[in-house]
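Have a look at the structure below, then the notes.
The values are calculated or read from the model by the stated rules, or taken from the named source; none is laboratory data. Because the structure is predicted, anything quoted here is derived from the model rather than measured. Positions of Cβ are generated from backbone atoms using ideal geometry, with glycine treated the same way; all protein chains shown enter the neighbour counts.
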Amino acid sequence: MKSESKNRVPKMEHPENGDEFAGLQVNAGVAQPSTVNPWLSRMRKHRQVLFTVDEYVSGILKGDVTRLSQAVTLVESTLPEHQVVAQEVIEKCLPYSGNSVRVGISGVPGAGKSTSIDAFGVHLLNKYGGKLAVLAIDPSSEKTKGSILGDKTRMEKLAVHPKSFIRPSPTAGSLGGVARKTRETIILCEAAGYNNIFVETVGVGQSETACHSMVDFFLLIQLAGTGDELQGIKRGIMEIADGIVINKADGDNIDRARLAATQFKNALHLFPMPESGLVPEVLCYSGFYELGIDEVLAMIFSHIDHVKKNGYFDYRRNEQAKFWMYESINEQLKNGFYHNPTIRELIGPTEQEVLKGQVTSFVAAKRLVDKYYQVQSSKYNAQS
Ligand code: GDP
């Protein structure tokens, strides 16, 4: 008994060590030991091994999935040193890219995108062969820090298919940044031999437009009887759809799905003829029960055949390349401006002046932009 009290850990000062908490003792925790091997913490910082540009490129061209994944991680990285390598890798892969059918797949949450992509993907690979990469544009994942789209656990059959490559949405940055990374990832996947690319996007906001600007066929997944029919028209989404499909046409939902399809077909007559020269088809299917999947795939591929023949396919890709050039200019100008040390110093106080009504928003913006150009030109003058 005596020895037991001797071995007792001394009571530390703690509110729950008072008399009213008799029987409960809060002991001090064990102090963290110092790092045994100081090299370990250093090594951790360098854990992501960077390969040379040629190692990345040769791995990708060989279709090495691990090297492809590592290169995509590099593309998604915000570290400037990673970006330098990534851009070189993309440039070297560019001549080997372009040989794919790029399909955008959009729908509101719950429309059945992942269930459908799983079914479309497996049917496509089994029927048409080749390889399939599933990518995603999901700017919301920046806030939630977890990507909902392009998640392997939601595409069970495709995830274990040897010819598929699934990559969730990049999480860093604005919609423009996320979309650019997805576009660059398309190039790497194509160079790695993926001749079919699906780009999943959530049917809310601008991400659909971003997705549309990088695909050859934009598929809109709709549900029957949700009022989405009208929403689609209001949000201008139907103008960019190359095909509309009504999911969950199974069980007692079949009639409602057919009715919705008729409503969409009627609504499509309100729009002018699309540039592709093809009025979007409207089909019913069930992703879950895998009904009508082959018809949806046939619709996509016959559209692609048609636009390849009439020249619209190349025209659209060229327009997209042009669009992305201007997007990149905008992004680079914006990044240059906001990351400029002088601007970073001035922007807060200027914002306060605007809030206090001491200066108008326009004048404040002009003052900052003028300052930026002044700083930039003196920098270039000093260099030359
Ligand atoms: P997402 O949020 O658009 O990716 O939608 P999910 O693929 O996660 O599907 C949402 C829910 O709808 C899930 O519970 C699916 O099981 C269900 N679902 C998806 N496709 C179908 C379908 O074709 N028929 C039926 N009845 N349910 C489906």
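Quick rundown of the values:
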{"item": "Check on Val122, modelled with pLDDT of 90 or more, within 16 Å of the ligand (Cβ to nearest atom), in a strand (DSSP E or B) and of a type in the set (Val, Ile, Thr)", "result": "no"}
{"item": "Boolean, Tyr285 is surrounded by fewer than 18 Cβ atoms within 10 Å (Cβ to Cβ) and within 16 Å of the ligand (Cβ to nearest atom)", "result": "no"}
{"item": "The one condition in (1) within 25 Å of Arg180 (Cβ to Cβ); (2) at pLDDT 95 or above; (3) exposed (fewer than 13 other Cβ atoms within 10 Å of the Cβ) that Pro349 fails to fulfil", "result": "(1)"}
{"item": "Within segment 67-96, tally of residues that are crowded, with 17+ Cβ neighbours inside 10 Å and polar (S, T, N, Q)", "result": "2"}
{"item": "Wholly enclosed strands (runs of 3 or more DSSP E) of segment 164-254 bearing at least 2 residues modelled with pLDDT of 90 or more, touching a Leu at 6+ places or on another chain (Cβ under 8 Å) and away from the ligand (no atom under 16 Å from the Cβ)", "result": "164-166, 196-202"}
{"item": "Some residue of segment 95-102 being assigned to a helix (DSSP H, G or I) and either in contact with a Leu (Cβ under 7 Å, 6 or more places away or on another chain) or away from the ligand (no atom under 16 Å from the Cβ) (or both)", "result": "yes"}
{"item": "Matching residues in segment 255-281 - criterion: being within 16 Å of the ligand (Cβ to nearest atom) and β-branched (Val, Ile, Thr)", "result": "none"}
